[in-house]
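Undergrad: Here it is: the structure, laid out below.
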Amino acid sequence: MRTEIVDATRQKEAGTQLGAKIIREGGLVAFPTETVYGLGANGLNGEAVARIFEAKGRPSDNPLILHVSKKSEVRQLWDTLPESANILMDTFWPGPLTLIARKSSIVPDEVTAGLDTVAVRMPANDTARALIRKAGVPIAAPSANLSGKPSPTTAAHVFDDMNGRIPLILDGGACRYGVESTVLSLVGKPTILRPGAITLEMLSALLGEVRVADAVLSPLKENETAASPGMKYKHYAPDAEVIVVTGTPRKAAEKINELYVRAEAEGRHPEIVATEQTKGFYGGKNYVILGSREKPATLCSNLFSYLRSIDRYSDLVLAEGISTKDAGLAYMNRLLRSAGFNNIEV
Ligand code: TXA
Ligand code: MG
(Lines give C-alpha, C1' and ligand atoms only; values in the text may rest on other atoms or scores of the structure.)
(Ligands and ions follow the chains in the order given, each with its own letter.)
Protein backbone atom coordinates (compact mmCIF):
# COMPACT_ATOMS: atom_id res chain seq x y z
CA MET A 1 0.00 0.00 0.00
CA ARG A 2 1.27 3.45 -0.90
CA THR A 3 1.25 5.88 2.04
CA GLU A 4 0.30 9.41 1.04
CA ILE A 5 1.28 12.40 3.20
CA VAL A 6 -0.92 15.49 2.94
CA ASP A 7 0.21 18.80 4.46
CA ALA A 8 -2.82 19.51 6.63
CA THR A 9 -1.68 22.99 7.63
CA ARG A 10 -1.88 24.14 3.99
CA GLN A 11 -4.56 21.77 2.71
CA LYS A 12 -6.72 21.24 5.76
CA GLU A 13 -10.01 21.15 3.86
CA ALA A 14 -8.91 18.69 1.18
CA GLY A 15 -6.82 16.62 3.60
CA THR A 16 -9.54 16.14 6.19
CA GLN A 17 -12.12 15.52 3.43
CA LEU A 18 -10.00 12.68 2.05
CA GLY A 19 -9.26 11.39 5.55
CA ALA A 20 -12.94 11.38 6.51
CA LYS A 21 -13.79 9.41 3.36
CA ILE A 22 -11.17 6.76 4.20
CA ILE A 23 -12.44 6.53 7.79
CA ARG A 24 -16.05 6.14 6.63
CA GLU A 25 -14.98 3.35 4.28
CA GLY A 26 -13.36 1.45 7.16
CA GLY A 27 -9.73 2.47 6.51
CA LEU A 28 -6.99 3.97 8.67
CA VAL A 29 -5.74 7.57 8.78
CA ALA A 30 -2.88 8.99 10.86
CA PHE A 31 -3.63 12.50 12.09
CA PRO A 32 -2.05 15.16 14.32
CA THR A 33 -3.30 15.97 17.79
CA GLU A 34 -1.90 18.39 20.37
CA THR A 35 -0.34 15.43 22.24
CA VAL A 36 1.03 12.91 19.71
CA TYR A 37 -0.08 11.61 16.30
CA GLY A 38 -3.02 9.21 16.37
CA LEU A 39 -3.85 6.26 14.11
CA GLY A 40 -7.58 6.54 13.54
CA ALA A 41 -10.45 4.32 12.43
CA ASN A 42 -14.24 4.47 12.65
CA GLY A 43 -14.74 3.90 16.38
CA LEU A 44 -18.19 2.36 15.93
CA ASN A 45 -17.02 -0.25 13.42
CA GLY A 46 -15.31 -3.24 15.05
CA GLU A 47 -13.74 -4.47 11.81
CA ALA A 48 -12.20 -1.08 11.06
CA VAL A 49 -10.87 -0.87 14.62
CA ALA A 50 -9.32 -4.33 14.31
CA ARG A 51 -7.18 -2.97 11.44
CA ILE A 52 -5.52 -0.55 13.88
CA PHE A 53 -4.27 -3.44 16.00
CA GLU A 54 -2.96 -5.16 12.89
CA ALA A 55 -1.11 -2.08 11.55
CA LYS A 56 0.54 -1.35 14.92
CA GLY A 57 1.19 -4.94 16.01
CA ARG A 58 -0.71 -3.98 19.16
CA PRO A 59 -1.77 -6.66 21.68
CA SER A 60 -5.54 -7.06 21.31
CA ASP A 61 -6.18 -6.71 25.05
CA ASN A 62 -5.02 -3.06 25.10
CA PRO A 63 -8.08 -0.76 24.69
CA LEU A 64 -8.26 2.41 22.58
CA ILE A 65 -9.40 5.98 23.16
CA LEU A 66 -12.44 7.32 21.26
CA HIS A 67 -11.92 10.86 19.97
CA VAL A 68 -14.92 13.18 19.68
CA SER A 69 -15.34 16.64 18.16
CA LYS A 70 -18.10 17.82 20.53
CA LYS A 71 -18.70 17.33 24.25
CA SER A 72 -22.27 16.21 23.63
CA GLU A 73 -21.01 13.14 21.74
CA VAL A 74 -19.95 11.45 25.00
CA ARG A 75 -23.58 10.84 25.91
CA GLN A 76 -23.99 8.13 23.30
CA LEU A 77 -20.67 6.49 24.26
CA TRP A 78 -21.03 6.36 28.04
CA ASP A 79 -23.75 4.47 29.86
CA THR A 80 -24.02 7.12 32.60
CA LEU A 81 -22.30 10.46 32.93
CA PRO A 82 -20.12 10.45 36.08
CA GLU A 83 -20.76 13.42 38.38
CA SER A 84 -17.33 14.96 37.90
CA ALA A 85 -17.32 14.54 34.10
CA ASN A 86 -19.15 17.77 33.28
CA ILE A 87 -16.80 20.07 35.17
CA LEU A 88 -13.75 18.23 33.79
CA MET A 89 -14.99 18.53 30.22
CA ASP A 90 -15.91 22.19 30.68
CA THR A 91 -12.49 22.98 32.14
CA PHE A 92 -10.12 20.87 30.07
CA TRP A 93 -11.82 19.99 26.76
CA PRO A 94 -10.80 20.36 24.06
CA GLY A 95 -7.42 19.29 25.41
CA PRO A 96 -5.06 16.54 26.58
CA LEU A 97 -7.37 14.82 29.08
CA THR A 98 -8.91 11.37 28.48
CA LEU A 99 -11.83 10.34 30.69
CA ILE A 100 -12.90 6.77 31.41
CA ALA A 101 -16.47 5.78 32.33
CA ARG A 102 -18.84 2.82 31.84
CA LYS A 103 -19.46 2.22 28.15
CA SER A 104 -22.75 2.15 26.29
CA SER A 105 -23.81 -0.74 24.07
CA ILE A 106 -22.90 1.05 20.81
CA VAL A 107 -19.15 0.86 21.60
CA PRO A 108 -17.67 -2.25 19.97
CA ASP A 109 -15.61 -4.70 22.04
CA GLU A 110 -12.65 -4.14 19.70
CA VAL A 111 -12.33 -0.59 21.11
CA THR A 112 -12.49 -1.52 24.78
CA ALA A 113 -10.72 -4.89 24.51
CA GLY A 114 -13.73 -6.40 26.23
CA LEU A 115 -13.72 -4.03 29.25
CA ASP A 116 -17.03 -2.50 30.35
CA THR A 117 -15.52 1.00 30.34
CA VAL A 118 -14.48 3.28 27.49
CA ALA A 119 -11.92 6.09 27.29
CA VAL A 120 -12.95 9.29 25.48
CA ARG A 121 -11.22 12.56 24.69
CA MET A 122 -11.82 15.70 22.63
CA PRO A 123 -8.52 16.81 21.09
CA ALA A 124 -7.53 20.49 20.90
CA ASN A 125 -5.99 20.17 17.43
CA ASP A 126 -8.16 21.74 14.68
CA THR A 127 -7.25 19.20 12.01
CA ALA A 128 -8.13 16.35 14.36
CA ARG A 129 -11.51 17.84 15.19
CA ALA A 130 -12.28 18.66 11.54
CA LEU A 131 -11.47 15.05 10.62
CA ILE A 132 -13.79 13.66 13.31
CA ARG A 133 -16.56 16.09 12.38
CA LYS A 134 -16.36 15.25 8.69
CA ALA A 135 -16.17 11.49 9.35
CA GLY A 136 -19.36 11.86 11.39
CA VAL A 137 -18.33 9.17 13.88
CA PRO A 138 -16.08 9.03 16.95
CA ILE A 139 -12.57 8.08 15.86
CA ALA A 140 -10.80 5.29 17.76
CA ALA A 141 -7.10 6.10 17.85
CA PRO A 142 -4.02 4.94 19.70
CA SER A 143 -0.70 6.70 19.15
CA ALA A 144 0.44 6.12 15.53
CA ASN A 145 3.65 4.21 16.35
CA LEU A 146 4.47 0.53 16.00
CA SER A 147 3.63 -1.11 19.31
CA GLY A 148 6.46 -0.65 21.83
CA LYS A 149 8.08 2.32 20.06
CA PRO A 150 7.94 5.91 21.35
CA SER A 151 4.79 7.77 20.30
CA PRO A 152 5.25 9.87 17.13
CA THR A 153 5.38 13.64 17.55
CA THR A 154 5.95 14.46 13.85
CA ALA A 155 4.54 13.11 10.58
CA ALA A 156 8.06 11.84 9.74
CA HIS A 157 7.99 9.62 12.85
CA VAL A 158 4.63 8.24 11.71
CA PHE A 159 6.01 7.59 8.23
CA ASP A 160 9.03 5.74 9.70
CA ASP A 161 6.69 3.30 11.46
CA MET A 162 3.63 3.16 9.18
CA ASN A 163 4.95 3.50 5.63
CA GLY A 164 3.19 0.86 3.50
CA ARG A 165 0.73 -0.02 6.26
CA ILE A 166 -1.78 2.83 5.95
CA PRO A 167 -3.07 4.95 3.03
CA LEU A 168 -2.86 8.45 4.54
CA ILE A 169 -0.92 10.61 7.00
CA LEU A 170 -2.21 14.12 7.68
CA ASP A 171 0.86 16.21 8.48
CA GLY A 172 0.07 18.93 11.02
CA GLY A 173 3.65 19.71 12.04
CA ALA A 174 5.20 18.95 15.44
CA CYS A 175 2.76 18.19 18.26
CA ARG A 176 2.46 20.88 20.91
CA TYR A 177 2.80 18.70 24.05
CA GLY A 178 4.72 15.75 22.64
CA VAL A 179 3.47 13.40 25.35
CA GLU A 180 0.16 11.50 25.37
CA SER A 181 -2.95 12.71 27.17
CA THR A 182 -3.57 12.30 30.88
CA VAL A 183 -5.83 9.26 31.36
CA LEU A 184 -8.24 9.69 34.28
CA SER A 185 -10.63 6.94 35.36
CA LEU A 186 -13.94 8.19 36.74
CA VAL A 187 -15.06 4.71 37.74
CA GLY A 188 -14.85 4.89 41.54
CA LYS A 189 -12.51 7.52 43.02
CA PRO A 190 -10.90 9.62 40.25
CA THR A 191 -7.60 7.90 39.45
CA ILE A 192 -4.83 8.92 37.08
CA LEU A 193 -3.87 5.86 35.05
CA ARG A 194 -1.42 7.78 32.86
CA PRO A 195 -0.06 11.26 33.71
CA GLY A 196 0.12 13.97 31.04
CA ALA A 197 -0.07 17.71 30.48
CA ILE A 198 -3.24 18.00 32.58
CA THR A 199 -1.44 17.41 35.86
CA LEU A 200 -2.36 15.84 39.20
CA GLU A 201 -2.16 19.33 40.71
CA MET A 202 -4.63 20.74 38.16
CA LEU A 203 -7.07 17.86 38.63
CA SER A 204 -6.86 17.93 42.44
CA ALA A 205 -7.51 21.67 42.50
CA LEU A 206 -10.80 20.96 40.72
CA LEU A 207 -11.89 17.62 42.22
CA GLY A 208 -10.25 17.37 45.63
CA GLU A 209 -8.72 13.95 46.15
CA VAL A 210 -7.31 12.37 42.99
CA ARG A 211 -5.36 9.11 43.14
CA VAL A 212 -2.40 8.10 41.04
CA ALA A 213 -2.26 4.43 40.04
CA ASP A 214 0.79 2.66 41.50
CA ALA A 215 1.91 1.54 38.06
CA VAL A 216 2.59 5.17 37.03
CA LEU A 217 6.01 5.19 38.72
CA SER A 218 6.72 1.55 39.49
CA PRO A 219 6.51 -1.71 37.59
CA LEU A 220 3.43 -3.90 38.03
CA LYS A 221 4.02 -6.60 40.60
CA GLU A 222 3.77 -10.18 39.43
CA ASN A 223 0.15 -11.36 39.15
CA GLU A 224 -1.15 -7.81 39.61
CA THR A 225 -3.86 -6.87 37.10
CA ALA A 226 -3.31 -3.56 35.36
CA ALA A 227 -5.90 -0.81 35.97
CA SER A 228 -4.94 0.25 32.48
CA PRO A 229 -3.82 -2.62 30.23
CA GLY A 230 -1.27 -0.31 28.56
CA MET A 231 0.73 -0.35 31.79
CA LYS A 232 1.71 -3.98 31.30
CA TYR A 233 3.66 -3.46 28.16
CA LYS A 234 7.22 -2.48 27.50
CA HIS A 235 7.03 0.98 26.04
CA TYR A 236 9.08 3.74 24.49
CA ALA A 237 12.19 1.59 24.77
CA PRO A 238 15.12 2.15 22.38
CA ASP A 239 17.55 -0.70 21.68
CA ALA A 240 20.09 1.12 23.86
CA GLU A 241 20.14 0.38 27.57
CA VAL A 242 18.55 3.24 29.53
CA ILE A 243 19.44 3.89 33.18
CA VAL A 244 17.70 6.58 35.21
CA VAL A 245 19.57 8.07 38.16
CA THR A 246 17.47 9.89 40.76
CA GLY A 247 18.68 11.95 43.70
CA THR A 248 19.95 15.47 44.30
CA PRO A 249 21.35 16.90 41.05
CA ARG A 250 24.95 16.82 42.30
CA LYS A 251 24.83 13.27 43.69
CA ALA A 252 23.04 12.00 40.58
CA ALA A 253 25.66 13.65 38.35
CA GLU A 254 28.49 11.99 40.32
CA LYS A 255 26.89 8.59 39.84
CA ILE A 256 26.23 9.25 36.16
CA ASN A 257 29.84 10.30 35.60
CA GLU A 258 31.05 7.15 37.33
CA LEU A 259 28.82 4.93 35.15
CA TYR A 260 29.87 6.86 32.04
CA VAL A 261 33.60 6.35 32.64
CA ARG A 262 33.10 2.68 33.36
CA ALA A 263 30.99 2.18 30.21
CA GLU A 264 33.57 3.92 28.02
CA ALA A 265 36.31 1.74 29.45
CA GLU A 266 34.19 -1.24 28.35
CA GLY A 267 34.08 0.12 24.79
CA ARG A 268 30.46 1.26 24.96
CA HIS A 269 28.99 4.55 23.66
CA PRO A 270 27.25 6.27 26.55
CA GLU A 271 25.25 9.47 26.38
CA ILE A 272 23.95 11.59 29.25
CA VAL A 273 20.48 13.16 29.35
CA ALA A 274 20.96 16.35 31.34
CA THR A 275 19.07 19.56 32.01
CA GLU A 276 19.99 23.25 31.69
CA GLN A 277 20.72 23.32 35.42
CA THR A 278 23.15 20.38 35.41
CA LYS A 279 25.05 20.57 32.11
CA GLY A 280 28.08 22.00 33.95
CA PHE A 281 28.65 18.64 35.63
CA TYR A 282 29.44 16.83 32.39
CA GLY A 283 32.29 18.73 30.70
CA GLY A 284 34.07 16.70 27.98
CA LYS A 285 31.38 13.99 27.86
CA ASN A 286 28.56 13.32 25.38
CA TYR A 287 25.39 14.83 26.71
CA VAL A 288 22.08 16.22 25.47
CA ILE A 289 19.88 18.78 27.16
CA LEU A 290 16.14 18.27 26.78
CA GLY A 291 15.24 21.46 28.64
CA SER A 292 15.07 23.05 32.06
CA ARG A 293 14.02 21.43 35.35
CA GLU A 294 11.88 24.50 35.87
CA LYS A 295 9.83 23.63 32.78
CA PRO A 296 9.15 19.89 32.88
CA ALA A 297 6.58 20.34 30.07
CA THR A 298 9.49 21.18 27.74
CA LEU A 299 11.34 18.05 28.85
CA CYS A 300 8.20 16.07 27.99
CA SER A 301 7.87 17.64 24.56
CA ASN A 302 11.44 16.69 23.61
CA LEU A 303 11.63 13.20 25.10
CA PHE A 304 10.01 10.97 22.45
CA SER A 305 11.82 12.57 19.57
CA TYR A 306 15.08 12.06 21.48
CA LEU A 307 14.27 8.42 22.31
CA ARG A 308 13.69 7.76 18.60
CA SER A 309 17.14 9.13 17.72
CA ILE A 310 19.23 7.39 20.37
CA ASP A 311 20.11 4.17 18.62
CA ARG A 312 21.94 6.03 15.87
CA TYR A 313 24.50 7.34 18.35
CA SER A 314 24.69 5.42 21.59
CA ASP A 315 24.12 2.09 23.27
CA LEU A 316 23.78 3.39 26.82
CA VAL A 317 21.69 6.33 28.01
CA LEU A 318 22.28 7.75 31.49
CA ALA A 319 19.34 10.00 32.31
CA GLU A 320 18.84 12.30 35.28
CA GLY A 321 15.62 11.82 37.21
CA ILE A 322 13.67 14.99 38.06
CA SER A 323 10.97 16.01 40.53
CA THR A 324 7.55 14.42 39.89
CA LYS A 325 5.76 17.72 40.53
CA ASP A 326 3.50 19.08 37.76
CA ALA A 327 4.47 17.77 34.29
CA GLY A 328 7.48 16.11 35.98
CA LEU A 329 5.17 13.17 36.77
CA ALA A 330 4.46 12.59 33.07
CA TYR A 331 8.16 12.95 32.24
CA MET A 332 9.29 10.47 34.89
CA ASN A 333 6.51 8.02 33.94
CA ARG A 334 7.68 7.91 30.29
CA LEU A 335 11.39 7.99 31.15
CA LEU A 336 11.13 5.15 33.69
CA ARG A 337 9.11 3.03 31.26
CA SER A 338 11.65 3.60 28.49
CA ALA A 339 14.26 2.37 30.99
CA GLY A 340 12.19 -0.67 31.90
CA PHE A 341 12.19 0.87 35.42
CA ASN A 342 15.97 0.52 35.58
CA ASN A 343 16.41 3.24 38.21
CA ILE A 344 19.33 3.92 40.54
CA GLU A 345 18.53 6.07 43.58
CA VAL A 346 21.48 7.92 45.11
O1 TXA B 1 -2.82 11.65 23.67
C2 TXA B 1 -3.31 10.54 23.51
O3 TXA B 1 -4.02 9.99 24.38
C4 TXA B 1 -3.06 9.83 22.17
C5 TXA B 1 -3.71 10.65 21.07
C6 TXA B 1 -3.63 9.97 19.74
O7 TXA B 1 -5.04 10.95 21.43
N8 TXA B 1 -3.54 8.49 22.21
C9 TXA B 1 -2.93 7.50 22.92
O10 TXA B 1 -3.56 6.27 22.81
O11 TXA B 1 -1.94 7.67 23.60
P12 TXA B 1 -2.87 4.91 23.27
O13 TXA B 1 -3.76 3.84 22.79
O14 TXA B 1 -1.46 4.87 22.80
O15 TXA B 1 -2.95 4.95 24.84
C16 TXA B 1 -4.20 4.78 25.48
C17 TXA B 1 -3.99 4.33 26.90
C18 TXA B 1 -3.46 2.92 26.98
O19 TXA B 1 -2.50 2.84 28.03
C20 TXA B 1 -4.71 2.10 27.32
O21 TXA B 1 -4.40 0.92 28.03
C22 TXA B 1 -5.50 3.09 28.16
O23 TXA B 1 -5.25 4.36 27.59
N24 TXA B 1 -6.94 2.83 28.10
C25 TXA B 1 -7.77 2.99 27.04
N26 TXA B 1 -9.02 2.62 27.35
C27 TXA B 1 -9.01 2.24 28.64
C28 TXA B 1 -9.99 1.75 29.55
N29 TXA B 1 -11.26 1.56 29.18
N30 TXA B 1 -9.59 1.45 30.82
C31 TXA B 1 -8.31 1.63 31.20
N32 TXA B 1 -7.34 2.08 30.39
C33 TXA B 1 -7.67 2.39 29.13
MG1 MG C 1 0.52 4.43 22.63
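The values are calculated or read from the model by the stated rules, or taken from the named source; none is laboratory data. The model shown is predicted, which means the values in this text are computed figures rather than measured ones. When we count neighbours, we look across all protein chains shown, and the Cβ atoms used for this are built from the backbone with ideal geometry, even at glycine. Just the protein is used for accessible areas: all its heavy atoms, side chains included, with ligands, DNA and RNA removed. Shrake-Rupley method; radii C 1.70, N 1.55, O 1.52, S 1.80 Å.
Undergrad: Using the Cα centre of the chain as origin and beta-carbon charges of +1 (Lys, Arg) and -1 (Asp, Glu), tell me which of Gly40, Tyr313, Val111 is placed farthest towards the positive end of the dipole.
TA: The one lying farthest along the dipole's positive direction is Gly40.
Undergrad: Could you work out how far apart the two model spin labels at Gln11 and Glu294 are, taking each label as a point 7 Å from the Cα in the direction of the beta carbon, and quote it in nm?
TA: 4.4 nm
Undergrad: Still on this structure: Using modelled amide H (1.01 Å from N, peptide plane; none on Pro or chain starts), what sits under 5 Å from the amide H of Ala319, excluding residues fewer than 5 places away?
TA: Amide H neighbours of Ala319, under 5 Å, 5+ apart: Ile243, Val244, Val245, Val273.
Undergrad: Taking amide H positions as placed 1.01 Å from N in the peptide plane, with prolines and chain starts having none, which residues 5 or more places from Val212, or on another chain, fall under 5 Å of its amide H?
TA: Ile192
Undergrad: Follow-up question, since we're still on this one. Just list whichever of Lys70/Lys134; Lys71/Lys103; Lys71/Lys149; Lys21/Lys134; Lys221/Lys255 have alpha carbons separated by over 20 Å in the model shown.
TA: Too far apart for the 20 Å limit: Lys71/Lys149; Lys221/Lys255.
Undergrad: Still on this structure: Please name which of Gly208, Gly27, Leu64 has its Cα lying farthest along the dipole of the stretch 4-216 towards the positive end, using unit charges on Cβ (Lys, Arg +1; Asp, Glu -1) and the Cα centre as origin.
TA: Gly27
Undergrad: Take the solvent-accessible surface of the protein heavy atoms, probe 1.4 Å, and return the percent of it on the chain that carbon and sulfur atoms account for.
TA: Carbon and sulfur atoms account for 47 percent of the accessible area of the chain.
Undergrad: Moving to a separate point now. Please give the per residue accessible area of the chain, computed with a probe of 1.4 Å over protein heavy atoms only, in Å².
TA: Working: 14770 Å² over 346 residues.
Result: 43 Å² per residue.
Undergrad: Taking each pair of distinct Cα atoms in the stretch 39-178 once, what is the resulting Kirkwood hydrodynamic radius in Å?
TA: The Cα-based Kirkwood calculation yields 15.4 Å.
Undergrad: Another question about this same structure. Hand me the trypsin sites (Lys or Arg not before Pro) from the stretch 1-59 located in a DSSP loop with no more than 12 other Cβ atoms within 10 Å, in residue order please.
TA: Values: sites: Arg2, Arg10, Lys12, Lys21, Arg24, Arg51, Lys56; in loops: Arg2, Arg10.
Hits after loop and neighbour filter: Arg2, Arg10.
Undergrad: Quick one: the Cα spread of the chain along its three principal axes, in angstroms, biggest first?
TA: 58, 48, 37
Undergrad: Same structure again: Using θ = phi - 60° and the Karplus curve 6.51 cos²θ - 1.76 cosθ + 1.60, what whole-Hz ³J(HN,Hα) does each residue of the stretch 37-44 get, with Gly and Pro shown as x?
TA: For the stretch 37-44, the Karplus-derived couplings read 6, x, 10, x, 8, 4, x, 9 Hz, x marking Gly and Pro.
Undergrad: Moving on to the next point. Per residue of the stretch 313-321, in order, report the coupling 6.51 cos²θ - 1.76 cosθ + 1.60 (Karplus, θ = phi - 60°) as ³J(HN,Hα) in whole Hz, putting x for Gly and Pro.
TA: In residue order, the calculated couplings are 10, 9, 10, 8, 10, 10, 10, 6, x Hz.
Undergrad: Counting helices only, and only those DSSP H runs with n ≥ 4, report the 222 nm mean residue ellipticity of the chain as the sum of -39,500 (n - 2.57) divided by its residues, in deg cm²/dmol to the nearest 500.
TA: Details: 11 runs with 108 residues, N = 346.
Value at 222 nm, helices only, nearest 500: -9000 deg cm²/dmol.
Undergrad: Still on this model: What does the extension gain come out to for Ile344 and Gln76, with contour length at 0.36 nm per residue minus their alpha carbon separation?
TA: Answer, rounded to one decimal: 91.8 nm.
Undergrad: Which value, in debye to the nearest 20, describes the size of the charge dipole of the stretch 160-280 about its Cα centre when Lys and Arg Cβ atoms bear +1, Asp and Glu Cβ atoms bear -1, and nothing else is charged? Present the calculation step by step, with values, prior to reporting the outcome.
TA: Details: 14 positive and 17 negative charges, 67 e Å.
Rounded to the nearest 20 debye, it is 320 debye.
Undergrad: Rounded to the nearest 0.05, what FRET efficiency is calculated for Glu201 and Thr248 with R0 set to 22 Å and r the Cβ-Cβ distance?
TA: 0.45
Undergrad: Another one. Enumerate the amide H contacts of Gln277 below 5 Å, restricted to partners 5 or more residues apart or on another chain; note that Pro and chain-start residues carry no placed amide H.
TA: Under 5 Å from the amide H of Gln277: Arg293.
Undergrad: Which order do you get for Val212, Val49 if you rank them by accessible area with a 1.4 Å probe, largest at the top?
TA: Putting Val212, Val49 in descending order of accessible area: Val212, Val49.
Undergrad: How big is the charge dipole of the chain about its Cα centre, in debye rounded to the nearest 20, if each Lys and Arg gets +1 on its Cβ and each Asp and Glu gets -1 on its Cβ? Working shown, then result.
TA: Values: 40 positive and 39 negative charges, 104 e Å.
For this selection, approximately 500 debye.
Undergrad: Picking from Ile243, Ala265, Ser338, whose Cα lies most toward the positive end of the charge dipole for the stretch 241-345 (charges on Cβ: Lys, Arg +1; Asp, Glu -1)?
TA: Ser338
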